[in-house]
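Worksheet: one structure, shown below.
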Amino acid sequence: MKPRLVRLDPRSTGIVSQIDELMSSERDVCSDSGAPRVRYLLCATPRCGSNLLSIALQQTGIAGVPHEYLNPRLMWGWVRRTGCGVPFDVVDYLDSIEAVRTTPNGVFGLKAHFYHLPLIWGRDRAGMLDFLGRFDHLILLDRGDKLAQAVSLYRAQVTQIWTSDDQRYLSAGDPRLTQKVPLRPDLIATALRSIAVGEAGWASLFASSGKSVARFQYETFSSDVESSVGQLLDILGLSASTNGPQPELRKQGSTEDELLSGFRRYLGLQSLPKA
């Protein structure tokens, strides 16, 4: 993979206390194996349940610590942890992450949304393909109900609350906890387009890479996380025994979601209420 200097946007902060905890040495795992013997990439689009699955994999204790290490917010967490300064070389950064986040059995995992890649490699498609070539297994995570995914993405963009775990790091009076999100079909449509662009981007890279890709869909794995984790461990050549605790994250939306119902009505996909 070609070296690439990363210049981080200083506005990419997120909930600093949460990110610093996520990137802290307390989240490191001991590894005596040197370089990972197995690397896997969770290829996602926003709001497809990737946090749920990545945390479940982490809790097995044998599948690495697959977080969004290419997310600029997490990169800033690494800068604060190490004092390495910016810009920094993405290859050196990934090597450093692997050194502390590879489980003792030699497994390293990373989760990425497609839009993370152009933030680092720009239009350098060869650089993106080199990055994919770093991994032994590619796992595509997607969601069947694209409208629900778009509504969920729009809500998260407005509130900047991305998982149920985020709420633990907010003060009781934080306005985001009670913020009412207005129905904006135009912005939901923009979110839907960004999901479609991300999925198309992954599909194009997969086709060029020639690598096989395993697919896991949100509607299936969210209903039976343990079984899906077992299947994923099997793909990675690991024991399918998952004795770790179930993830504490919970779904943030439902089929009764008012914004989703409103957007469906806007699209004419369900009957309008009688006057």
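All of the numbers you see were taken from the coordinates with simple rules; none came from a lab. Please read these numbers as outputs of a predicted model, since none were measured by experiment. All Cβ positions, even for glycine, are placed from backbone atoms using ideal geometry, and neighbour counts span all protein chains on display.
Size of the range 1-62 along its principal axes in angstrom, Cα-based, largest extent first?
Cα spread of the range 1-62 along its principal axes, largest to smallest: 36, 31, 26 Å.
State whether the range 192-231 is rounded, prolate or oblate according to the following rule on the C-alpha gyration tensor (a ≥ b ≥ c being the square roots of its eigenvalues): a/c under 1.5 gives rounded; otherwise a/b larger than b/c gives prolate, and the remaining case gives oblate.
Since a/c reaches 1.5 but b/c is at least a/b, the shape of the range 192-231 is classed as oblate.
Loop-only trypsin sites (Lys or Arg not before Pro) in the range 27-87, please: DSSP not H, G, I, E or B, and at most 14 other Cβ atoms within 10 Å.
Sites meeting the loop and neighbour criteria: Arg37.
If we count other beta carbons within 10 Å of each Cβ, what is the order of Lys111, Lys180, fewest first?
Least to most surrounded, the residues fall as Lys180, Lys111.
Could you list Thr103, Thr82 so that the one with the fewest beta carbons within 10 Å of its beta carbon is first and the one with the most is last?
In increasing order of surrounding Cβ atoms, one gets Thr82, Thr103.
Relative to the compact-globule scaling 2.2 N^0.38 Å, provide the ratio for the alpha-carbon radius of gyration of the range 5-266.
This ratio for the range 5-266 stands at 0.99.
Quick one: putting +1 on the C-beta of Lys and Arg, -1 on the C-beta of Asp and Glu, what dipole do you get for the chain around its Cα centre, in Debye to the nearest 20?
Roughly 880 debye, rounded to the nearest 20.
Pairs of alpha-carbon atoms within less than 8 angstrom and 6+ residues apart define the contacts here; what relative contact order does the range 45-163 have, in percent?
Relative contact order of the range 45-163: 36 percent.
Output the antiparallel fraction of DSSP beta bridges having both residues in the range 5-266, as a percent to the nearest 5.
For the range 5-266, the DSSP antiparallel bridge percentage is about 10.
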